[in-house]
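Visitor: Have a look at this one before I ask anything.
Nothing in this text is a laboratory measurement; each read-out follows from the coordinates by a stated rule. Just so it is clear, the structure is predicted and the values come from calculations on it, not from any experiment. Neighbour counts run over all protein chains shown; Cβ positions are idealised from the backbone, glycine included.
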Amino acid sequence: MACPSPFQALAESIIHQQLNGRAAASIFARFEALFPAPMKPTHILAASEEALRGAGLSRAKTVAIRDLAEKTDGGLVPTWAQLRKLEDEAIIERLVQVRGVGRWTVEMLLIFRLGRPDVWPVDDFAVKKAYGQVFGLEAPKPKEMAQRAEAWRPYRSVVAWYLWRSLAL
């Protein structure tokens, strides 16, 4: 959990969405450099749109990052300590209220930032692709994937990780 806050982890996720890894990392580095560490929601809210856009954020990402800052400042986005006490679905329900944060983004936070062992990301492209390869399916359906994955409880995150790794080999 190298990120100082869920706010910063979600900001990084929003910035990385739909971008090449290197481009996203470069934009995120410029974005982070705008603010003293650790970055706080109040820093984003005080920043001009020009400054955020100058770091490389698109208009849509600027709006999403500001919404994240407002909702974090308002208490919707919990701290790591608060997140650790919540059930996975409660976290998902809360965080998808932030513009630019969908279920998949929260599932990645659950797996990689909170270390939750039983997350099954049926909408993840790589998980679907690898699942299809393993089970001989051209286009696996999320409902069928969810049903089969019941047998893998309480370690579905581990299965997802192995599916991701199978594509990297």
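Visitor: Only Lys, Arg, Asp and Glu count, each charged at its Cβ (+1, +1, -1, -1), so figure out the dipole size of the chain about its Cα centre, rounded to 20 debye. Mind dumping the intermediate values first?
Guide: On the way: 23 positive and 18 negative charges, 47 e Å.
Dipole magnitude for the chain comes out near 220 debye.
Visitor: Can you sort Val63, Val122, Val127 by how many other beta carbons sit within 10 Å, fewest first? Don't jump to the answer; show the numbers that get you there.
Guide: Values: Val63 15, Val122 20, Val127 25.
If I rank by nearby Cβ atoms, fewest first, I get Val63, Val122, Val127.
Visitor: What do you get for chymotrypsin sites (Phe, Trp or Tyr not before Pro) in the range 118-169 restricted to DSSP loop and a cutoff of at most 16 other Cβ within 10 Å of the site's Cβ?
Guide: Values: sites: Phe125, Tyr131, Phe135, Trp152, Tyr155, Trp161, Tyr162, Trp164; in loops: Tyr155.
When the chymotrypsin sites (Phe, Trp or Tyr not before Pro) of the range 118-169 are filtered for loop state and at most 16 Cβ neighbours within 10 Å, Tyr155 remain.
Visitor: OK, next. Considering only the other residues whose Cβ falls under 11 Å of the Cβ of Leu83, what net charge follows from Lys and Arg at +1 and Asp and Glu at -1?
Guide: Details: positive: Arg84, Lys85, Arg94, Arg113, Arg116; negative: Glu87, Asp88.
Summing Lys and Arg as +1 and Asp and Glu as -1 gives +3.
Visitor: Here's another thing I want to ask about it. Please give the length that would be gained between Gln147 and Arg165 if that part of the chain were fully extended, namely 0.36 nm times their separation in residues minus their C-alpha to C-alpha distance (nm, one decimal).
Guide: Details: separation 18, 0.36 × 18 = 6.48 nm, distance 2.20 nm.
Result: 4.3 nm gained on full extension.
Visitor: Could you go through the range 8-19 in sequence order and give the Karplus-derived ³J(HN,Hα) for each residue, using 6.51 cos²θ - 1.76 cosθ + 1.60 with θ = phi - 60°, rounded to whole Hz, and x for Gly and Pro?
Guide: My calculation for the range 8-19 gives 5, 4, 6, 4, 4, 4, 4, 5, 6, 4, 6, 10 Hz in order.
Visitor: Right, something else. Each label point is 7 Å from the Cα along the Cα-to-Cβ direction; what then is the distance between the points at Gln133 and Glu49, in nm?
Guide: So the label points at Gln133 and Glu49 sit 4.4 nm apart.
Visitor: Continuing with the same structure: I need Ser157, Ser48, Ser58 ordered by Cβ neighbour count within 10 Å, fewest first. Don't jump to the answer; show the numbers that get you there.
Guide: Values: Ser157 20, Ser48 9, Ser58 14.
Ascending number of Cβ neighbours within 10 Å: Ser48, Ser58, Ser157.
Visitor: Can you list which of the GluC sites (Glu not before Pro) found in the range 76-140 are DSSP loop residues with at most 13 other C-beta atoms within 10 Å? Kindly include the intermediate steps, with their values, before the conclusion.
Guide: Numbers: sites: Glu87, Glu89, Glu93, Glu107, Glu138; in loops: Glu87, Glu138.
Taking the range 76-140 and a limit of 13 other Cβ atoms within 10 Å, the loop GluC sites (Glu not before Pro) found are Glu87, Glu138.
Visitor: Right, another one. For Asp123 paired with Asp73, estimate the spin-label separation in nm (one decimal), with each label point 7 Å from Cα along the Cα-to-Cβ line.
Guide: 2.8
Visitor: What lysines sit close enough to Lys71 to cross-link, taking a C-alpha to C-alpha distance under 19 Å and skipping anything fewer than 8 places away on the same chain?
Guide: Correct list for Lys71: Lys40, Lys61.
Visitor: Another question, if that's okay. What number, in nm² with one decimal, is the all-direction average of the projected area of the convex hull of the alpha-carbon atoms of the range 58-166? Display every interim value, and only then the final one.
Guide: Values: hull surface 30.9 nm².
Averaged projected area of the range 58-166's Cα convex hull equals 7.7 nm².
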